[in-house]
Amino acid sequence: MKLSVIGCGYLGAVHASAMVELGHDVVGIDVDADKIAQLAQGRPPFFEPGLSEILTSATATGRLRFSTDIADAAGAQVHFIGVGTPQMAGSHAADLTYVNAAITGLLPYLAEGDLVVGKSTVPVGTASRLADLITDSGSGASLVWNPEFLREGFAVQDTISPDRLVYGVAPGEAGERSVELLNEVYASAIAADTPLVVTDYATAELVKVAANAFLATKISFINAMAEIAEVTGADVTQLADAIGFDARIGRRFLNAGVGFGGGCLPKDIRAFTARAEELGRGESVAFLKEVDQINLRRRSHVVDLATAALGERLHDGKVAVLGLSFKPHSDDVRDSPALDVAVQLHGLGADVVASDPKSVENAQAKHPQLRYSDVIEETLQDADLVVLVTEWPEFVTIDPVWAATLVKTPTIIDGRNALDAAAWRAAGWTYTGMGRP
Ligand code: UDX
């Protein structure tokens, strides 16, 4: 099938390449000319495992093209909207500028029977408003809301083999036709019996934010337990193991640490709260404000631990910060707890040197005031304190005996509970984990 993908960021670039992998002909469209130029040469503008391979093969076949001109979407039968919905400046609400622009830009090029597929995360109520715009344009196209659940670091796999599909469709025959068309696009996932939920627009929009709100709540729950563990001498990692054996609870997303970040969880729970307040149901999700607060306190907690460990050396001591991305296997530093900790420590006067396998360039663009290094040895050299904030395998596998020979003071704060505490202590380190004695 001929498809267009409007918006070629973390979501759209992966989606466009993956759709070619599934056998379709795709044009990817974005307003950012640099990004489009890179993609057209088969070079991903960000790091995502496996993307480079599928992008290169897709562009080589000629079945994946890129353009900055939305008119090039004309002729495609299905148009995916994958533009960003960032947090609005000065507010917790989502900024819908890019979604609105994508739809209004696309309207003149829609033909009878075309399907517009919204994948961006939007406040509930957006899809029905956009569906009205499409209907009023008289194009004869229809809209499906098909939220995306991909995780960065696993985006290619999550797009090609999703764990579920959700279609929010218009009522009646138009909705039925949309389901048929989208099932054709996702034929391989449908053939693999991927669970499919066909529902209305509002439910589909809510599924996405509810899923992210639940995950964020799960992480903040265990971080709240870490706060209690910290004043009682309990071990939150053992607590997580023990409650995680209950199948109703499950062990995943119960890792206490410096908290969640990234381009989705933080802004999605804030936008959900803002939307619920608009709907007069603020109290229903008021707990998400607490989830956000617990999460942000984790960053302050790591900074406080670092400040206490440094004592008088805070103003001239060297702090080696291991990690900048919001999680491993990603170069994304949006709302990254790791970068936040580095910036806060620098702000307090510490001589911060931060390292990350993939994110140094992105972090540097946002915070040029920090010192960065790509080399672990150089980062650790003569450090008064080491702070691990992103559990990249490169950091987790550092030999504590070797590291102790480099630093000035063998003190480490493990902001992700990712290290073998006993091994680090045995190598002479003063080790502090999150919510662990
Ligand atoms: C998330 C959702 O998982 C995904 O389904 C949705 O489509 C987009 O948002 P992503 O932002 O890629 O995906 O990251 P995720 O793997 O969910 O991790 C989010 C943050 O939570 C990271 O900063 C991670 O380090 C943190 N986290 C995760 C914890 O602190 N503890 C955990 O136990 C799990």
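Could you please state, rounded to a whole Å, how far the C-alpha centre of the stretch 358-403 is from the C-alpha centre of the stretch 131-179? After rounding, the separation between the Cα centres reads 41 Å. Magnitude of the charge dipole for the stretch 209-291, about its Cα centre and with charges confined to Cβ atoms of Lys, Arg (+1) and Asp, Glu (-1), is about 320 debye. For PHE214 and GLU278, a Förster radius of 35 Å and the Cβ-Cβ distance give a FRET efficiency of 0.95, rounded to the nearest 0.05. With the helix formula -39500 (n - 2.57) applied to DSSP H stretches of n ≥ 4, the chain reaches a computed 222 nm mean residue ellipticity of -13500 deg cm²/dmol. Taken along its three principal axes, the alpha carbon spread of the stretch 2-199 comes to 43, 41, 33 Å, from the longest extent down to the shortest. A P(r) calculated from all alpha carbon pairs of the stretch 209-291, with 10 Å bins opening at zero, reads 18, 43, 29, 9, 0 percent.
So what is the relative contact order of the stretch 1-100, in percent, for Cα pairs below 8 Å that sit 6 or more residues apart? With pairs under 8 Å counted, the relative contact order is 35 percent.
The simple Förster model, with R0 at 35 Å and r as the Cβ-Cβ distance, assigns LEU348 and THR97 a FRET efficiency of 0.45.
The magnitude of the dipole of the chain, with charges of +1 and -1 set on the Cβ of Lys/Arg and Asp/Glu and taken from the Cα centre, is near 520 debye. Which value in nm describes the separation of the simple spin-label points at THR135 and ASP241, placed 7 Å from the Cα toward the beta carbon? If labels sit at THR135 and ASP241, their model points lie 5.7 nm apart. Note on GLU176/PHE149: beta-carbon distance plugged into 1/(1 + (r/R0)^6) with R0 of 22 Å gives a FRET efficiency of 0.35.
Full-extension gain between GLU377 and ARG425, please, as 0.36 nm times their residue separation minus the C-alpha to C-alpha distance.
Stretched out fully, the GLU377 to ARG425 stretch lengthens by 15.3 nm.
Rg and Dmax over the alpha-carbon atoms of the chain stand at 23.3, 73 Å.
A short reminder: the numbers here are calculations on the coordinates, not readings from a lab. As the structure is a computational prediction, the values presented were derived from the model and not from experiment. All Cβ positions, even for glycine, are placed from backbone atoms using ideal geometry, and neighbour counts span all protein chains on display.
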